[in-house]
Amino acid sequence: MEPFDELVFVLGGLPATLAISVLSFLLGFIIGVPLAFIRTYATRPFQVIVDGYEKVLRGIPEIVIMLFLYFGVGGLPAVGQVFNDPFFSATFALGLRSGANQSQVFRGAIRAIGEEQMLSARSIGLTQIQAIRYVIVPQTLIVAAPGLGSEYALLVKDSAYAFILGVVEMMRRADTLRKITYDMVYPYAIAAFLYILITFPLATYLDTWGSRKKKELGL
Amino acid sequence: MDVVLECRNLWKIYGKVVALRDVSLEIRKGDIKLVFGPSGSGKSTLARCLGMLTTPTKGDVFLTGERLTAEGVDLNKARARMGFVFQHIWLFHHLTAVGNVELALRHVLRMPETDARTKALEALREVKMDEWADHYPAQLSGGQQQRVGIARALARDPEIIILDEPTSALDPELTGEVIDSLRDLAALGTTMLVISHEMTFAREVATEMVFIDEGMIMERGHPEHFFTEPSNDRTRRFMARLIKRTTRE
């Protein structure tokens, strides 16, 4: 195999890597945003539940969550069928933890925006839900952008764990290449290079965009 | 007759601190009530209780006869009928001047987009900020921001506007333009409750001045009464200090 062909071979895992990363990011977003608002505005019992969720999921190694979902939940009747799929379990496991992480990112952003914006929004007659939707969320997204960039980078990197469940993503392809070529360096170097290539630009962009916007708007 | 906003025997207690004790006040249509007093006297708390942004501990608030402190009242609807201007302005950072003004028109009054825009620009024109409609708050001076804040409170044609020290967070050279906007509103017969220490403005437009200290109404009356013969000792001392400060400036 020529070096270029080897690169193409590892690149064959890119779609799966990106799919796991992006889908788990979205799942984390869908979980994390409501949790952050519950943690900020809901009554004490709900706050405690969210806090527990965050602590548990952030306290377990990602690989343990993944294997637990795939083998543990995957072994159950009915729901098991869904979790028996390595791609699904890997994505879901990453998404669950990302929800806990993103909840913290958004909570910090909501706190940074402050109680004043909420009071100001309520003073013009908006309901609490409307105030969240039209005033707090748009500002939260800007303040949270740099943190979301880091979270995305983390997911891309941790998507490599999916290879243990047998998902054919970049890490899997690199490992297979190592087995075929007996080259212990080049295949992993390719993988490393590609991981940097897909994390760095977006994470950096979100960081600079968020910081610039924050400054412009005086947030 | 024609009482727009009223509070009866209002108390607000934060833990062990009594911010308001037994305050009763009524604002009639066309009134310009000027509330003043030392810092920590309970002025802001009174404004927020009247605007139902804070729930009073005891006592009642009425908006055109409707008891807002009753169970099950839709406070969002009530707040939509009042305008509120904050000391620290608090515009929505992510929206332009016109975006700030039209938000409530769109989502509280549910006006169609073009009508809301027209109405919002009208409100901005009233405070001479229509030329700045597309600027974000961060691109405006403090005085300009506060005028947008007034337009935001004004645009819904509220029955009363409550202004909580609208100029005290501004640099002295910027208070003039905000006071001018308030003068224009007064000339139009807008019902207002203004917390302010701008004594020249007070003397010129207030229909009644209310002096608050330690959470109580110490003295109230026509501006001339305060400027010539305040009866309460504490009022007299406070007025003397304010007037001295104003002449120095």
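The values are calculated or read from the model by the stated rules, or taken from the named source; none is laboratory data. Treat the numbers as computed from the prediction; the structure is a model and nothing was measured. Cβ sites come from the backbone with ideal geometry, for glycine too, and all protein chains shown count toward neighbours.
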- Message: Scan segment B:108-121 and tell me whether some residue there is free of Cβ contacts under 8 Å to residues at least 12 places away in the same chain, within 11 Å of another protein chain (Cβ to nearest Cβ) and under 27 Å from B:Ile27 (Cα atoms).
- Response: no
- Could you identify the single residue in A:Ala153, A:Ala144 that is crowded, with 22+ Cβ neighbours inside 10 Å and closer than 17 Å to A:Gly28 by Cα? A:Ala144
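Kindly indicate whether A:Gly74 is at pLDDT 95 or above and more than 14 Å from every other protein chain (Cβ to nearest Cβ). Lay out the reasoning, then the answer.
Details: at pLDDT 95 or above: no; more than 14 Å from every other protein chain (Cβ to nearest Cβ): yes.
Spelling it out, it is not the case that A:Gly74 is at pLDDT 95 or above and more than 14 Å from every other protein chain (Cβ to nearest Cβ).
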- Selection from segment B:53-84 of residues that are facing chain A (nearest Cβ under 9 Å), within 28 Å of A:Thr140 (Cβ to Cβ) and in contact (Cβ under 8 Å) with a residue 12 or more places away in the chain: B:Leu53, B:Leu75, B:Asn76, B:Ala78, B:Arg79, B:Ala80, B:Met82, B:Gly83, B:Phe84
- Item | Matching entry among A:Thr204, A:Thr199, A:Thr208 (being loosely packed, with under 14 Cβ neighbours inside 10 Å and in contact (Cβ under 8 Å) with a residue 40 or more places away in the chain) | A:Thr204
- Message: Of all residues being touching a helix residue (DSSP H, G or I) at 6+ places or on another chain (Cβ under 9 Å) and of a type in the set (A, V, I, L, M) in segment A:193-219, which is farthest from the other protein chains (Cβ to nearest Cβ)? Just the residue, please.
- Response: A:Leu194
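Per-residue answers, yes or no, for (1) of a type in the set (Gly, Ala, Ser); (2) farther than 17 Å from A:Ala19 by Cβ:
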{"position": "A:Arg58", "(1), (2)": "no, yes"}
{"position": "A:Gly80", "(1), (2)": "yes, yes"}
{"position": "A:Asn84", "(1), (2)": "no, yes"}
{"position": "A:Ala109", "(1), (2)": "yes, yes"}
{"position": "A:Gln117", "(1), (2)": "no, yes"}
{"position": "A:Ser123", "(1), (2)": "yes, yes"}
{"position": "A:Ser150", "(1), (2)": "yes, yes"}
{"position": "A:Asp158", "(1), (2)": "no, no"}
- Message: Which of the numbered conditions does A:Gly99 fail, given that it passes all the others? Conditions: (1) more than 11 Å from chain B (Cβ to nearest Cβ); (2) among the small types (Gly, Ala, Ser); (3) more than 30 Å from A:Gly59 (Cα to Cα).
- Response: (3)
- Item | Single residue of B:Leu170, B:Leu140, B:Leu163 found to be within 12 Å of another protein chain (Cβ to nearest Cβ) and farther than 30 Å from B:Gly65 by Cβ | B:Leu140
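List the helices (runs of 4 or more DSSP H) that sit entirely inside segment B:45-132 and contain at least 2 residues that are surrounded by fewer than 22 Cβ atoms within 10 Å (Cβ to Cβ), under 18 Å from the mean Cα position of the chain (by Cα) and of a type in the set (Ser, Thr, Tyr).
Result: empty, no element qualifies.
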- Message: Going through B:Glu159, B:Glu131, B:Glu173, B:Glu113 one at a time, which residue ends up being modelled with pLDDT under 90 and of a type in the set (D, E, K, R)?
- Response: B:Glu173
- Item | Residues located in segment A:115-139, provided they are surrounded by 14 or more Cβ atoms within 10 Å (Cβ to Cβ), more than 7 Å from every other protein chain (Cβ to nearest Cβ) and not basic (Lys, Arg) | A:Met118, A:Ala121, A:Gln128, A:Ala131, A:Ile132, A:Ile136, A:Val137
